[in-house]
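The values are calculated or read from the model by the stated rules, or taken from the named source; none is laboratory data. Predicted model only: the values in this text are computed from it and were never measured. Cβ placement follows ideal geometry from the backbone for every residue including glycine, while neighbour counts extend to all protein chains displayed. What goes into the accessible areas is simple: the full protein's heavy atoms, side chains included, and nothing from ligands, DNA or RNA. Shrake-Rupley method; radii C 1.70, N 1.55, O 1.52, S 1.80 Å.
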Amino acid sequence: MNLKERVGLNLQDARRAKGISQEELAHRASVNRGYVGKIENAKYSASLTTLEKIAQALNIDPSELLKPRN
């Protein structure tokens, strides 16, 4: 699994654990909903700035999006 896939899956897990939609996350992070979906599906690589905004919107540390998967 590459880093882009890891970030996407960790993002999806964190978002679902918080019980919010991609649309709600996008609104909270001030990014496009389609962009969130493409990050989750490993189609796009997010910048560090975007990952920070998303992590803040999820109220998690940005490192959670980079952590290794089991």
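Summary table
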{"read-out": "Subset of the range 52-66 [without any contact (Cβ under 8 Å) to a residue 60 or more places away in the chain and open to solvent by 60 Å² or more (accessible area, probe 1.4 Å)]", "value": "E52, K53, Q56, N59, D61, S63, E64"}
{"read-out": "Residue within the range 35-48 that is β-branched (V, I, T) and open to solvent by 80 Å² or more (accessible area, probe 1.4 Å) present", "value": "no"}
{"read-out": "Matching residues in the range 46-63 - criterion: being within 19 Å of N2 (Cα to Cα) and outside any helix (DSSP H, G or I)", "value": "A46, S47"}
{"read-out": "Helices (runs of 4 or more DSSP H) wholly inside the range 1-45 that include at least 2 residues being farther than 19 Å from I60 by Cβ", "value": "33-40"}
